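The values are calculated or read from the model by the stated rules, or taken from the named source; none is laboratory data. Bear in mind the structure is a predicted one, so any value in this text is a computation, not a measurement. Backbone-built Cβ (ideal geometry, glycine too); neighbour counts: all protein chains shown.
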Amino acid sequence: MLHDEKSMLKFFRKIRQNLLSENKTGKYFKYAIGEIILVVIGILIALQINNWNENRKQRIEELETLKNIRSDFSNAIIEFEENNNFRERIISSTRALYHIIPTKENKYSKDQLDSLMSDLFINPTYNGQSETLNIYLTPGK
């Protein structure tokens, strides 16, 4: 390909030299303007191709980001469900203990009471591991 470019440059150089040597200034200017127009068109085409490529890269990045956000939300839902199950267990244990205390009737073994009491100390918290959103919510992204 490099050889083709060199031969094409030689071809255009010969045309210019012939036009100048034959004192055909008007034709030379027309030729020069045509060459300038071709260069400008080439640059515009290159810029358009570059823009298309950049847009394609952005679309790929956006799709990957959306996939990551979806994964983050799915993980958050799982974490919320786990925390909800822990809270239901705490409520159940609290109700059982609440009914035992005023009646002083104990139908539970010591191990069962220990288990009920330990459930009261579970403190489920949401960790919020949505790394993708954190990245895109920071300034500059």
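Of note:
- In region 26-65, the residues that are at pLDDT 90 or above and surrounded by 11 or more Cβ atoms within 10 Å (Cβ to Cβ): Glu64
- Test for Gln129: is it within 39 Å of the chain's Cα centre (by Cα), farther than 30 Å from Ile15 by Cα and at pLDDT below 75: yes
- Neighbours by Cβ (under 9 Å, 6+ apart or cross-chain): first from region 95-122, at positive phi; second outside any loop (DSSP other than H, G, I, E, B) and at pLDDT 75 or above: none
- Scanning region 80-94 for any residue that is of a type in the set (Gly, Ala, Ser), under 22 Å from Tyr126 (Cα atoms), within 42 Å of the chain's Cα centre (by Cα) and modelled with pLDDT of 75 or more turns up nothing.
- Residue list for region 101-111, filter: at pLDDT 75 or above and surrounded by 12 or more Cβ atoms within 10 Å (Cβ to Cβ): none
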